[in-house]
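J.: Let me begin by handing over the structure; questions about it come next.
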Amino acid sequence: MKINIQRKKNISSLLLSKVVLIAVFFFTITQMSAQSESSLGTLKQINAGLLNVGYTEAGPANGNAIILLHGWPYDIHSYNEVVPILVAKGYRVITPYLRGFGTTRFLSDATFRNGQQAALASDIIALMDSLKIKKATIGGFDWGARTAVVMAALWPERLNGLVSVSGYLVVNLEANLKPLSPQAELGWWYQYYFATERGKIGYSQNTYEFNKLIWKIASPIWNFDKATYDQTAQSFNNPDHVAIVIHNYRWRQSLEAGESKYDSLEKRLAERPAIKVPTITIGSDFDGAFADGKAYASKFTGKYEHRILKGIGHNVPQEDPKSFAQAIIDVTK
């Protein structure tokens, strides 16, 4: 009898522990959902192309579509203050996690973890198809700006307008083989670090601190707090994050190949096609001598405007959300 009583106590304790764990899990999910709904809209998932994409959606379903793309090492929370401004103007705002970030996952374990530009741009076209969005205004910075520009170059019929921080960021592999000035090379130190096995292991082991350092270097005046960084840092726990980041930078240096199915797209991009859709580019302190946009202005042959933000670093949407949101509104009009 004593043994049975003890067994019952053990089973009760085990069940209680499971209940507590389940309660904590659902509380965490509820907190994340509430946080997303308060700023970016509702967090959703949808199968699109090779991915199950995590994205937030806010605003009226029949509003003009806006898709906002984040960069590395950032995530959708760069748009925390941009989205409410756009929703107030009646836009439908979609903010997806790129492959390797947040809740976006590959549908198959067998899929190559590819970080090349054509793959990321194809992801967003697939997302638009899944959401039945024929045309949208696309805005972004860093990887997001590159993805947006590539979309405008390859599928201009899918864009109403484009906002690109740092301008024309299409990667040209041949040009990337040519050395830059010592000062410029210094700025790309992390790309050379990622080219080594030491760098891959180091980034895997120190992702949190590494990316925090990049934030500080890219936006030296921006006084972000721990809570702001931690909100984004959760996105780096994605199981494919390291693989995507490492491949992205190694591919840029021609150290690793892309996938042959993207060869035709990359060939078109290598020709540095002009962007014909209405565009606003943004330069900031991060761009240094290129902040004036003169180096790439000729690549935009449609309606075009360049804006310069002083005292702002690389994460423009989060550092100056009003200016970024206004650019989206203006280019859409």
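The values are calculated or read from the model by the stated rules, or taken from the named source; none is laboratory data. On a predicted model such as this, the values are computed, not experimentally measured, just so you know. Cβ: placed from backbone, ideal geometry, glycine included. Neighbour counts: every protein chain shown. What goes into the accessible areas is simple: the full protein's heavy atoms, side chains included, and nothing from ligands, DNA or RNA. Shrake-Rupley method; radii C 1.70, N 1.55, O 1.52, S 1.80 Å.
J.: Condition test on residue 148, is it open to solvent by less than 40 Å² (accessible area, probe 1.4 Å), modelled with pLDDT of 95 or more, in a helix (DSSP H, G or I) and touching a Gly at 6+ places or on another chain (Cβ under 8 Å)?
T.: yes
J.: Related question: Residue by residue through the stretch 74-90, note down the ones that are of a type in the set (D, E, K, R) and farther than 14 Å from residue 230 by Cα.
T.: As a first pass, look at the stretch 74-90 and keep what is of a type in the set (D, E, K, R): 75, 81, 89.
Result: 81, 89.
J.: Anything in the stretch 274-297 that is open to solvent by 20 Å² or more (accessible area, probe 1.4 Å) and not aromatic (Phe, Trp, Tyr)? List them, or say none.
T.: Correct list: 274, 276, 278, 285, 287, 288, 289, 292, 294, 295, 297.
J.: Would you call residue 325 out of contact with any strand residue (DSSP E or B) (no Cβ under 8 Å at 6 or more places or on another chain) and in a loop (DSSP other than H, G, I, E, B)?
T.: The answer is no for residue 325.
J.: Inspect the stretch 261-273 for any residue being within 22 Å of the chain's Cα centre (by Cα), open to solvent by less than 30 Å² (accessible area, probe 1.4 Å) and without any contact (Cβ under 8 Å) to a residue 40 or more places away in the chain and give the result as yes or no.
T.: Among the residues of the stretch 261-273, not one is within 22 Å of the chain's Cα centre (by Cα), open to solvent by less than 30 Å² (accessible area, probe 1.4 Å) and without any contact (Cβ under 8 Å) to a residue 40 or more places away in the chain, which makes the answer no.
J.: Could you check, for the stretch 285-305, whether at least one of its residues is farther than 28 Å from residue 179 by Cβ, β-branched (Val, Ile, Thr) and either in contact with a Gly (Cβ under 7 Å, 6 or more places away or on another chain) or modelled with pLDDT under 95 (or both)?
T.: Checked against the condition, which is being farther than 28 Å from residue 179 by Cβ, β-branched (Val, Ile, Thr) and either in contact with a Gly (Cβ under 7 Å, 6 or more places away or on another chain) or modelled with pLDDT under 95 (or both), the stretch 285-305 yields no hits at all.
J.: Out of 295, 233, 289, I need the residue that is touching a residue at least 24 places away in the same chain (Cβ under 8 Å), of a type in the set (Gly, Ala, Ser) and either closer than 29 Å to residue 109 by Cβ or in a helix (DSSP H, G or I) (or both). Which one?
T.: Result of the check over 295, 233, 289: 233.
J.: Out of the residues in the stretch 188-207 that are more than 27 Å from residue 287 (Cβ to Cβ) and assigned to a helix (DSSP H, G or I), which is least open to solvent (accessible area, probe 1.4 Å)?
T.: 202
J.: Oh, and also: Let me confirm something: among 81, 57, which residue is free of Cβ contacts under 8 Å to residues at least 40 places away in the same chain, farther than 17 Å from residue 151 by Cα and of a type in the set (Asp, Glu)?
T.: 57
J.: Tell me the residue from 185, 157, 174 that is touching a Pro at 6+ places or on another chain (Cβ under 8 Å), surrounded by fewer than 14 Cβ atoms within 10 Å (Cβ to Cβ), at negative phi and not in a loop (DSSP other than H, G, I, E, B), please.
T.: Only one candidate qualifies: 185.
J.: With the structure loaded, tell me whether residue 282 is over 20 Å from the mean Cα position of the chain (by Cα) and within 30 Å of residue 90 (Cα to Cα) or whether it fails that test.
T.: No; evaluated as a whole, the condition is false for this residue.
J.: Look at residue 45 and say whether it is surrounded by fewer than 18 Cβ atoms within 10 Å (Cβ to Cβ) and in contact with a Ser or Thr (Cβ under 9 Å, 6 or more places away or on another chain).
T.: Yes, satisfied.
J.: Name every residue in the stretch 65-104 that is assigned to a helix (DSSP H, G or I), β-branched (Val, Ile, Thr) and either open to solvent by 10 Å² or more (accessible area, probe 1.4 Å) or closer than 23 Å to residue 243 by Cα (or both), in order of residue number.
T.: 76, 85, 87
J.: For the stretch 105-132, give me each residue that is of a type in the set (Val, Ile, Thr) and either over 14 Å from the mean Cα position of the chain (by Cα) or farther than 12 Å from residue 69 by Cβ (or both). Step through it out loud before you land on a result.
T.: First pass over the stretch 105-132, keeping only residues of a type in the set (Val, Ile, Thr): 111, 124-125.
Passing the criteria: 111, 125.
J.: Can you give me the number of residues within the stretch 218-246 that are closer than 27 Å to residue 283 by Cα and surrounded by 14 or more Cβ atoms within 10 Å (Cβ to Cβ)?
T.: 14
J.: From 307, 250, grab the single residue that is of a type in the set (Lys, Arg) and open to solvent by 30 Å² or more (accessible area, probe 1.4 Å).
T.: Values: 250 fails: open to solvent by 30 Å² or more (accessible area, probe 1.4 Å).
That would be 307, the only listed residue that is of a type in the set (Lys, Arg) and open to solvent by 30 Å² or more (accessible area, probe 1.4 Å).
J.: Would you mind telling me which numbered condition in (1) in contact (Cβ under 8 Å) with a residue 24 or more places away in the chain; (2) open to solvent by 40 Å² or more (accessible area, probe 1.4 Å) residue 258 fails?
T.: Among (1) in contact (Cβ under 8 Å) with a residue 24 or more places away in the chain; (2) open to solvent by 40 Å² or more (accessible area, probe 1.4 Å), the lone unmet condition for residue 258 is (2).
J.: Please tell me if residue 115 is touching a Ser or Thr at 6+ places or on another chain (Cβ under 6 Å), open to solvent by less than 20 Å² (accessible area, probe 1.4 Å), of a type outside the set (Ser, Thr, Tyr) and part of a loop (DSSP other than H, G, I, E, B).
T.: For residue 115, the condition - touching a Ser or Thr at 6+ places or on another chain (Cβ under 6 Å), open to solvent by less than 20 Å² (accessible area, probe 1.4 Å), of a type outside the set (Ser, Thr, Tyr) and part of a loop (DSSP other than H, G, I, E, B) - is not met.
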